[in-house]
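Reviewing the structure listed below.
The values are calculated or read from the model by the stated rules, or taken from the named source; none is laboratory data. Just so you know, these numbers come straight off a predicted model, no measurement behind them. For neighbour counting, all protein chains shown are included, and Cβ atoms are generated from backbone atoms with ideal geometry for every residue, glycine included. Just the protein is used for accessible areas: all its heavy atoms, side chains included, with ligands, DNA and RNA removed. Shrake-Rupley method; radii C 1.70, N 1.55, O 1.52, S 1.80 Å.
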Amino acid sequence: MSAATATAEPGTGEISRAREIVFPRPLYSSLVAHAVRKFTGHYLAGETEERKAFGMLAGRPVPGGIQVGSVFPLIVNMRHDSGHRARMDEVVEEHAIPSETPMDQRGWIADPRELMAIDDACDDAGWVLFGNYHTHRVPWPHDPVRDTCTQLDRVLAAESGQWTFILSVVDLHRPVLRAFFEGDNDREATVRIVPPLPGMRAAEA
């Protein structure tokens, strides 16, 4: 899958240096619920009917990291629009690894109207739009967990100024969320879900 097309706001260099993403549990739960809803075929009116979930993340810089303030699921995938299809097909064919999902169904391009509405919400709340998320659900022989960025993810996230969050739902009952700056697997931040579940360390929650 690819990362949604959007760019972080200028003047947020501290975002790239984050070492930890603090994710309130209710917001984490809403992100996972988005994936579960899509994968079980429960679509909203006007939503692109696909078994994959994409969205945007906003929040505020805090010492050493970022505090997530809101999760914005994306509804419409412009990847299938005639004005975008050819370019995305070209990128997918060049960089994607063949998988269960057909090449012409891989990737996501956010609807500019949705991004504008998200930008407005962030301005009202004083948040920075710092990341995007998408799901990986098909295990590969060389990558059975699918919790890191693919080559296609890296190409599409390059120079975005954003964190790319991979939600691995190979096992829908045991999702895994990881974060990589601009899709670079060597630039990972710890995702800390708070509060942790009783008896579990935050990193395990």
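Assorted remarks:
- Residues in the range 123-161 that are in contact with an Asp or Glu (Cβ under 7 Å, 6 or more places away or on another chain), among the polar types (S, T, N, Q) and buried (at least 22 other Cβ atoms within 10 Å of the Cβ): 0 in all.
- Inside the range 127-169, residues that are closer than 21 Å to VAL71 by Cβ and either without any contact (Cβ under 8 Å) to a residue 12 or more places away in the chain or out of contact with any strand residue (DSSP E or B) (no Cβ under 7 Å at 6 or more places or on another chain) (or both) make up a count of 4.
- Extreme residue, modelled with the lowest pLDDT, among residues of the range 65-100 that are of a type in the set (A, V, I, L, M, F, W, C), in a helix (DSSP H, G or I) and open to solvent by 20 Å² or more (accessible area, probe 1.4 Å): ALA86
Residue-wise test of (1) at pLDDT below 95; (2) loosely packed, with under 13 Cβ neighbours inside 10 Å; (3) under 16 Å from SER168 (Cα atoms).
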residue: GLY11; (1), (2), (3): yes, yes, no
residue: ILE15; (1), (2), (3): yes, no, no
residue: ARG19; (1), (2), (3): no, yes, no
residue: VAL22; (1), (2), (3): no, no, no
residue: TYR28; (1), (2), (3): no, no, yes
residue: THR40; (1), (2), (3): yes, yes, yes
residue: LYS52; (1), (2), (3): yes, no, yes
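- Candidates in the range 162-176 are the residues that are outside any strand (DSSP E or B) and in contact with a Pro (Cβ under 7 Å, 6 or more places away or on another chain); of these, the one that is surrounded by the most Cβ atoms within 10 Å (Cβ to Cβ) is VAL169.
To keep it simple, each residue is scored yes or no on (1) part of a helix (DSSP H, G or I); (2) at pLDDT 90 or above; (3) exposed (fewer than 15 other Cβ atoms within 10 Å of the Cβ).
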residue: ASP120; (1), (2), (3): yes, yes, yes
residue: ARG178; (1), (2), (3): no, yes, no
residue: ALA189; (1), (2), (3): no, yes, no
residue: MET200; (1), (2), (3): no, no, yes
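- Subset of the range 122-161 [assigned to a helix (DSSP H, G or I) and farther than 14 Å from ARG187 by Cβ]: CYS122, ASP123, ASP124, ALA125, GLN151, LEU152, VAL155, LEU156
- Output for the range 35-53, where each listed residue is among the aliphatic types (A, V, I, L, M), over 11 Å from VAL76 (Cβ atoms) and part of a loop (DSSP other than H, G, I, E, B): ALA45, ALA53
- Some residue of the range 160-179 being of a type outside the set (A, V, I, L, M) and in contact with a Cys (Cβ under 8 Å, 6 or more places away or on another chain): yes
- Scanning the range 54-64 for residues that are surrounded by fewer than 20 Cβ atoms within 10 Å (Cβ to Cβ) and part of a strand (DSSP E or B) yields ARG60, PRO61, VAL62.
- Top-ranked residue of the range 170-188 - restricted to ones that are in contact (Cβ under 8 Å) with a residue 40 or more places away in the chain and in contact with a Lys or Arg (Cβ under 7 Å, 6 or more places away or on another chain), ranked as nearest to LEU156 (Cα to Cα): GLY183
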